[in-house]
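In what follows, a structure is listed as structure tokens, so that the remarks can point back to it.
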Amino acid sequence: QQRPSRESIAGMNCLRILRPSVPRAMRSIISLPAYFNPTWIISLRRAIREVRPDVLIVRDLPLARLAISEGRRFGIPCVVDMAENHPEMWRQVGRNDRWIIPSFFLKNVGFAKYLEKKVAAEADMILVVVEEMKEHLVSIGASPERVVVVSNTPDISSRRNVARKRLDCAGKEAL
């Protein structure tokens, strides 16, 4: 079921920026979550100009570099929610994927590790669910004070408050 493009969650405005209105067969190609995908670049820039958020929150490693770079371009801090270990997830998916060649390019473990390292070094804040992930991110370049361990099932208001306090944007808009 598709979630609404706009909604308020615990007092924070949530805008889901990509809603391609194209045939289903083309949707997966056009909306491929990748920092170099022009559809995502245009959609994020349009949303930033429209909403003028105080913080960007991104939950997908392949889109994190885009959110970080656009955040810097517009002077907006970026929080990356790294609840998943993407390199390992991609390894498992690739192992069980019957489409080996597309999976090699779209779920490449080496590429996921590269993205993870870049994001660890560049994000303004990273949210993780276990201490081991924090230790891993610090070992590949994240600053320890920028990595916050949150519960796997946090109250959304506490997650919002942690990000807002650390980034000094209490009471401001988040995209």
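I want to confirm something. Restricting to segment 27-51 and keeping residues that are polar (S, T, N, Q) and over 20 Å from Asn108 (Cα atoms), which single residue is most open to solvent (accessible area, probe 1.4 Å)? The qualifying residue most open to solvent (accessible area, probe 1.4 Å) is Thr39. There is no residue in segment 127-140 that is open to solvent by less than 50 Å² (accessible area, probe 1.4 Å) and either acidic (Asp, Glu) or farther than 14 Å from Asn85 by Cβ (or both). Across segment 115-140, the number of residues qualifying as at pLDDT below 90 and under 14 Å from Asp60 (Cα atoms) comes to 0. Residues in segment 124-149 that are touching a helix residue (DSSP H, G or I) at 6+ places or on another chain (Cβ under 6 Å) and part of a loop (DSSP other than H, G, I, E, B): Ile140, Gly141, Ala142. Please verify whether Val58 is free of Cβ contacts under 8 Å to residues at least 24 places away in the same chain, open to solvent by less than 20 Å² (accessible area, probe 1.4 Å) and touching a helix residue (DSSP H, G or I) at 6+ places or on another chain (Cβ under 8 Å), treating the condition exactly as stated. Criteria met by Val58. Is it the case that some residue within segment 55-70 is closer than 16 Å to Met12 by Cα and among the acidic types (Asp, Glu)? No, there is no match, as no residue in segment 55-70 is closer than 16 Å to Met12 by Cα and among the acidic types (Asp, Glu).
The values are calculated or read from the model by the stated rules, or taken from the named source; none is laboratory data. Nothing here was measured: the structure is a model prediction, and the numbers come from that model. Neighbour counts are summed over all protein chains in view; Cβ atoms, including those assigned to glycine, are modelled from backbone coordinates with ideal geometry. Protein only, heavy atoms only, side chains kept; ligands, DNA and RNA dropped before computing areas. Shrake-Rupley method; radii C 1.70, N 1.55, O 1.52, S 1.80 Å.
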